[in-house]
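Encoded as structure tokens, the structure appears first; notes follow it.
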Amino acid sequence: MPKQKRNGPTKMDRLYPKTKMSVTDPFKEIRNLVDCIPESPSPTQITPLIALVVRSILDKIGFVELVNETVSWDQNQCSISPGNRALALVLLPFLSTKQRVALVHVSQQLENIDTELIFGSAIPATSFTDDCLGRFLDKFADACPSNFFQQLSLRAYAVYDIQQSLILHSDVTSHEVCGEYELDETPDAHGPTVCFGLNKTGRRDRRIFQTGVVSDGNGLIRYCKTMDGNHADSVWNMEALTALQEIFGEEFRNHTYIADSKLLNRPNLEVLNRQGSEVRFISHIPANFAGKIADKYRSIAREQNQWVDLGQCCTEEETPDKRATYRSQRFEVDIYGLPYTLVVYETSAADERVKSQIKTDTTDLETLVKEKKFKTPFACEPDALRAIEELNEQSRKLLVQPVIEIESELKQRWPRGRRGEETKPLEEWSVYHVRVKGTRVHEERVRAFRDKKETFALLTNHTELDLDDRSVLRHYKQQHVVENIFRTMKWSVMADRIYLNNPKRIDAMMTILYVSYLVMGILQVIARMNIRKLPEPPRIYIDNKPLKSPTAAFLIQSLGSFDIFTEDGNRQITGVTERNRYRLSVLLYLIGMGSEEGVS
């Protein structure tokens, strides 16, 4: 039955009277609106719908209760439970995506939301002070955050009945610490040692620490650890293997551990091949590993030319015409006295990589030329040649080289007055101009770059009966799963740079942030599980395209269009229009909070 339209002014009309828009005088319109503000406006709150969605997921896996059980606290002394303090921090990446947030500003992020809707009771936002949250982080750090996270991850699998994945992806990233940080040479037992180190952007003048993550094929984090800023990736892999053995027990032998080239060294291979607890793995072979075995077999593969066509690979998100094609050759090798399988792959993506690199190098070369200030002439030819030599040295790794000519110009100084036919210059000298005519491709460097990018080698202890060449490649290419975790975390408001100067709190805060990403992973997994139940993909993607494989970023961004408006205890969803009502129904169904009736 259609809803009848109410006659007369509404409550909002009485509180905030509408004025006639003054198009020609916006300033006057603003003054009119200000004058119409009531002396005691009715309190209103706007809560992002995504915040309630996150709270619902955390309730299902018992997050608040688990925090309260893990952290030691006195109910008679604490006005806010540790679970609600943790919940406030987990919500931050979903509440604000435009700025990074320090603990002192958390209360501002919660200022206008309906805290009763989120926390179960009307807790004033001003109660979430930096001291309140800092004390919680201290207590949480003492309660072994890594064990807490493992329990929470297992609960997520059990509650949402997620199928176990036997593929594990491992990687490491760095995080900067903001502000003046006293570098202590004595490491804190409860947190990472912050130090100057090489971050992922190549800078060594930043104070950093690192985090390591192991996620499964579903994109859910199974193990995470906060580490020192100068912690070696190879050591992280050994520590991760030991921790995963404790987590999975005997079942760990059925998993495949995938990591980048830092996995492959002699100590790690000994751990992977420990008798009675062998671990299957796939890794990219580094250049200097085992006597440069990768280069050796890449050359052999090119000489033998016995490639097996694998076709296009490897992600479903890409359209078929954009995916690269691959060919492979398999070799059985012996490394440190043990047998392994080495697979050399050739990709069609080399041409695009060469073009992209040439474009980048051309820009870099133009920058180098500008820095040399060749517009100023040189007083002698040796100086000009020396400047050209310096430019060539600085650009020796680029795929392009400058086309340079030296032009001499005769300079003369004449006496004052009119010049006669027999007047001669008082002084003559030559200056030398360096003319950069353009750039050209360095064929030899391009050939070497193409050979390097056209083929690569992977090492595994899987037999061909376990995994064929295409499966090995497909699993390794899914390494972007853990890389997406880091990308998403650094996109959020708190993980790129950390506003904490206590190592214990850094350790605890990173675990909380990984809980935020665990929620994102759960959203993505259950959405992909539910979308398979529909007869056809719903057309709610960009440009009304069918949504086949929803990502966490898409779900969060889409749900971010809707808010919950609270006034005098009454709540309603805002942002709903005739155009996006169906979109909201689909989104709620995908995340398990709606029925299929409004979708199909």
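Net charge near Gln164: determine it from the other residues with C-beta under 13 Å of the C-beta of Gln164, scoring Lys and Arg +1 and Asp and Glu -1.
Around Gln164, the charge tally is -2.
Considering only the chain, what is the antiparallel percent among its DSSP beta bridges, to the nearest 5?
About 90 percent, rounded to the nearest 5.
Determine how large the accessible area of Thr242 is when every protein chain is in place; take a 1.4 Å probe and give Å² rounded to the nearest 10.
That residue has around 70 Å² of solvent-accessible surface.
Along the range 162-176, what does the Karplus equation 6.51 cos²θ - 1.76 cosθ + 1.60 (θ = phi - 60°) give for ³J(HN,Hα), rounded to whole Hz, x for Gly and Pro?
7, 5, 5, 9, 9, 9, 10, 10, 10, 6, 10, 9, 10, 10, 8
How large is the helix-only mean residue ellipticity at 222 nm for the chain, computed as the sum of -39500 (n - 2.57) over DSSP H runs with n ≥ 4, divided by its residue count, in deg cm²/dmol to the nearest 500?
-12500 deg cm²/dmol
Which ³J(HN,Hα) values in Hz, rounded to whole numbers, follow from the phi angles of the range 508-517 under the Karplus curve 6.51 cos²θ - 1.76 cosθ + 1.60, where θ = phi - 60° and Gly and Pro get x?
Running phi through 6.51 cos²θ - 1.76 cosθ + 1.60 with θ = phi - 60° gives 5, 5, 5, 4, 4, 5, 5, 5, 4, 6 Hz.
Picking from Tyr514, Asn254, Thr423, whose Cα lies most toward the positive end of the charge dipole for the chain (charges on Cβ: Lys, Arg +1; Asp, Glu -1)?
Thr423
For Cα pairs less than 8 Å apart in space and 6+ apart in sequence, what is the mean separation divided by the residue count of the chain, i.e. the relative contact order in percent?
Across the chain, relative contact order equals 17 percent.
Accessible area, 1.4 Å probe, largest first: how do Ile591, Ile542, Ile167 sort?
Ile542, Ile167, Ile591
Once Rg/Rh (Cα atoms, Kirkwood Rh) is worked out from the coordinates, which option in (i) 0.96; (ii) 1.00; (iii) 1.08 does it equal?
Given (i) 0.96; (ii) 1.00; (iii) 1.08, the calculated one carries the label (iii).
Ignoring any ligand, DNA or RNA, what whole percent of the accessible area of the range 46-130 comes from carbon and sulfur when the probe is 1.4 angstrom?
Heavy-atom surface of the range 46-130 belonging to carbon and sulfur, 1.4 Å probe: 42 percent.
Please calculate how many Å² of accessible area the range 63-170 carries per residue, with a 1.4 Å probe and no DNA, RNA or ligand atoms counted.
45 Å²
So, by mean Cβ neighbours within 10 angstrom, what's the order for 533-540, 366-373, 548-555 with the highest one leading?
Result, highest mean first: 548-555, 533-540, 366-373.
What ³J(HN,Hα) values, in whole Hz, does the Karplus curve 6.51 cos²θ - 1.76 cosθ + 1.60 give for the range 351-363 when θ = phi - 60°, with x put for Gly and Pro?
Result, ordered by residue: 4, 5, 5, 5, 4, 5, 5, 4, 5, 5, 5, 4, 5 Hz.
Would you check the accessible area of Cys195, probe 1.4 Å, heavy atoms only, in square angstrom rounded to 10?
Roughly 20 Å² of Cys195 is accessible to a 1.4 Å probe.
Show Met593, Met227 ordered by accessible area, largest first, where the area counts protein heavy atoms only and the probe is 1.4 Å.
Met593, Met227
The values are calculated or read from the model by the stated rules, or taken from the named source; none is laboratory data. Owing to the predicted nature of the structure, the values given are computational and were not obtained by experimental measurement. Glycine also receives a Cβ, built like all others from the backbone with ideal geometry; neighbour counts cover every protein chain displayed. The protein model used for the area step is the full one, side chains on, heavy atoms only, and it has no ligands, DNA or RNA in it. Shrake-Rupley method; radii C 1.70, N 1.55, O 1.52, S 1.80 Å.
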